[in-house]
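Everything below concerns the one structure shown next.
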């Protein structure tokens, strides 16, 4: 099987606005109360008119800027005309020949260990309105379909990539990076279950045969509602196309683009019925909406108010905290709140590397075990930072730090978790590292005196004998730093 | 341009426009629309090279509204003109064709 | 002094002086409708109960010396293309025969705020597509001056209602002349404001980039007052212009010194009825006698206006009317084989033939392979037409022409030849394509007693100038006081 999979993705993202793109109805996800977030505009009632939501436009420009798109100085809205019960006006307001942005790219990491990157080209990003939701009768009895227009008119950003993706894995990486970016920018919650992020994949394969490259006909896969399904559907589809080609030898251009749906239960793609004449969308400029002209100052303001992108943050973490590619990716890919958490802890304790280690190991482990989110984690940076600060300042040992961390996590009353509580535990359990070397020296002298045999063994060349001596000294001096104990002990033995 | 409209073309346009037409209407439209199209062909006489299309009668730009929630209609009002409803949804015959 | 036939100004001063109540006045008009509308058929819905209630409410507040609006207690008839909350709005179409809007159009809100009395909804060409009010799915409106003839259209019901003394004021809409042409045919005043002057929110769209709402009245002052009430910015219409509205009713009686009245040489074409032409020439003499200067200008692309209009308007209409599919509102067929068939059958049954013809034309003009040749070409010529006007208005204040090349047609005259009907729009269409304000004022009658209207156009947002120029003419002539003998 010698072929390369060629993939381009069309991603629809719901923008995080309070209201719909052309009217003041709420965009709240509300499937249990159908048809309560509608008005004359989004119902498409006779006489109603659309007015563009400024915030939706701003979020769209922000996103397009973040994916390195050229922002058009003049953009307009067009009507895309087709009939479907979830489309109340008989047309969707979208952008056709003059989208507000075009020609960008998104860099994805294709190897987490080495940090190897690849730029995926973006053809365009444009704004449009979402349709409502149809629910079909699945009983086979031919009952009516139900139409809910709560979602109709939700602002959507459609991001169309070049066919630069070369595997199902890359497609998934692209989506993950895009989702991460969108959530960093706070332009979308990207909740796939709620349909805030939807994906269609254009797939074909290039078969390598006798030094020749043979392209198979293009297929668009619809209804991909999770990243996992995107991956599975593309894998299946690439293989199916290869097998199909072996059977019929059809190549790219021989047939029209086919639309297939992904059946997650059977893990196959299935051809969808389409009407040939349905493809004449008769786009034309919407006379009810006026164009937008974009000034340089507006764009500069967008750029100036931009947050740090995930990719830039990964690079900075690697440099600033001396992290590996992998560790940096683990932190950044958890999302902006997680990364902010790490940085906050680092700032308080003064040791970025330490903060990264703790959060990615201890915090993440406990989050998973206890099924907590980072926002809901009981030990927030102000407290965790103070624990680590004490470790860092050699006031307590790392081991003691972990004990305090778990102790706090297991508190019966989570509201008692505080910096004061840390010091209380240190006090109660005597976890303070004893800095007074005189006191430690006395303990060590005592231990040596009580363990003449061990001392003799050590002096006779049995190196391991020192272990039990350190153990005993530590037992008597609870807060002592093991390294200091060892150092002092060896010094005494050498005397 | 200068296309004449035959019955076949009228039928195709009618499918696109989702209009069920009788045979008599199809014949009638072929003639009358054909005449109108012949008439509008006079626009070919006009040199429009370099002319920017005029979509709007008054050419405004950058009209926005604030992202503030306004009251929606109660469900009963949203559904009050629906030809078929169960009181919660608009109802349509089972959808067989995909978009 | 009679209520019926009085001007809005007369009625308002009698109300203000307490000589008349709004209930008395409204009752008089409701009675007039009951007596005359069987023959004229101007109304689709008479809003009797609500109108009397509104009238009583205004009377009560007026008696209590509470502040009242500019049109307090004055009946206004509403073209049935404007959404009225809780009151059937049909667009004279079977498609919307039972449609009850859950909201008011912006202009209706303005009328309510001005304390007007909404007396009823008037007949029109179906979805405003037509020039005769014959394409209504429900009834044919007759011209009060000659019941065998049409009142023009598409706002024929509103024009006829005012002409027949069934309402002192009415609202119409004008996409290609649908206010000015019936105003001329019915010998009343009708004005189409500048595009963007009046919010289209709640006006059921025909050709969105051409549609504009405007007043009908039995004198220019009434039109000025109604225009003042409905004009102004509305954030719900993106094409609504945010500019202050002059108090037209305050300035309308001031004559314009040094007025420059233009005539376009391209308007004197074959097909212009000699009696209509003579009426225009007489009107120009009137202006001359009032001290105005008459100037000839050129609008070189005039002859292309109709072709441009009959590509742009149907293209927009084909899209605007896509929403009538029997799913969310409107007519749904009883019999169909599947969902697609339900769409096509519902639309086939719900729309009349003129509407279907324009949907077909527009669908064709926008379809793959024809867009550039038809729709886009029309948009380019549209700009050339606008540029012609811009140039002309550098030299003149108002442009005078007939409202229509011929007097009102006989009922049924154009049914076999829609193109002939379309060509009658030659003088009115330009204002819609260019977005200009225009007014039609009564200018006399043919020998057969048929009304002829004088149309004046002005540069964008020059409504004040337009109304003052029209009022000068009205005061200098005897046509305003003439009433159709029913």
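Values quoted throughout were computed directly from the atomic coordinates according to the rules given, and no laboratory measurement underlies them. Treat the numbers as computed from the prediction; the structure is a model and nothing was measured. No Cβ is skipped: glycine too gets one built from the backbone with ideal geometry, and neighbour counts run over all protein chains shown.
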Centre separation in Å (Cα based) which lies between the range C:226-262 and the range C:333-373: 39
Extended-chain gain in nm, criterion 0.36 nm per residue less alpha-carbon gap, residue A:372 and residue A:247: 39.9 nm
Simple spin-label estimate for residue A:4 and residue C:372 in nanometres, 7 Å along Cα-Cβ: 3.4
Cβ crowding within 10 Å averaged over residues, with A:299-306, C:305-312, B:10-17, A:464-471 ranked highest first: C:305-312, B:10-17, A:464-471, A:299-306
Two-site FRET efficiency, residue B:51 against residue A:263, from Cβ-Cβ distance with R₀ of 35 Å, rounded to 0.05: 0.10
Relative contact order, percent, the range A:41-184 [alpha-carbon distance under 8 Å, six or more residues apart]: 21
C-alpha long axis of helix A:419-429 to longest principal axis of chain A, angle in °: 40
Ranked A:428, C:16, criterion: other C-beta atoms within 10 Å, fewest first: A:428, C:16
Distance from the range C:431-453 to the range A:278-317 (C-alpha centre basis), Å: 48
Values of log10 I(q)/I(0), in the order q = 0.15, 0.16, 0.19 Å⁻¹, for the range A:308-429 under a Debye, Cα-only, solvent-free model: -0.64, -0.73, -1.00
Virtual spin-label span in nm between residue A:462 and residue C:410, 7 Å along Cα→Cβ: 13.4
Computed [θ] at 222 nm, helices only, for chain C once each DSSP H run of length n ≥ 4 contributes -39500 (n - 2.57): -11500 deg cm²/dmol
Rounded tilt (10° steps) of A:168-184 against the dominant C-alpha axis of chain A: 80
Folded to 0 to 90 degrees: helix A:437-450 orientation relative to chain A principal axis, Cα: 60
In nm, spacing of pseudo-spin labels at residue A:212 and residue C:353 (7 Å Cα→C-beta vector): 6.0
Sum of -39500 (n - 2.57) over DSSP H runs of 4+, divided by residues of chain A (222 nm, nearest 500): -12000 deg cm²/dmol
Chain B - Debye-derived log10 I(q)/I(0), Cα point model, q = 0.10, 0.15, 0.16 Å⁻¹: -0.70, -0.97, -0.97
Distance between the range C:138-170 and the range A:75-98 - C-alpha centres, whole angstrom: 38
Mean separation of Cα contacts under 8 Å, 6 or more apart, over the residue count of the range C:258-363: relative contact order %: 27
Gained length - residue A:176 relative to residue A:445, 0.36 nm times residue gap less alpha-carbon distance: 90.8 nm
For A:415, C:353, C:178, order by how many other beta-carbon atoms lie within 10 Å, fewest first: A:415, C:353, C:178
Candidates B:23, B:45, B:68: whichever shows maximal mean-square fluctuation once chain B is modelled as a Gaussian network with Cα springs under 10 Å: B:68
Average other protein chain Cβ within 10 Å of Cβ, residues C:232-244: 5
Per-residue Cβ neighbour rank within 10 angstrom, fewest leading, B:54, A:192: A:192, B:54
Residues in the range A:417-457 that a label on residue A:347 would reach, taking backbone N under 18 Å of a point 7 Å out along Cα→Cβ: A:419
The range C:313-429: relative contact order as a whole-number percent, Cα under 8 Å and 6+ apart: 21
At R0 = 30 Å, FRET efficiency that the Cβ-Cβ distance of residue C:19 and residue C:242 yields, to 0.05: 0.15
Among beta bridges that DSSP assigns inside chain A, antiparallel share in %, nearest 5: 95
Residue A:429/residue A:322 FRET efficiency (R0 45 Å; Cβ-Cβ; nearest 0.05): 0.90
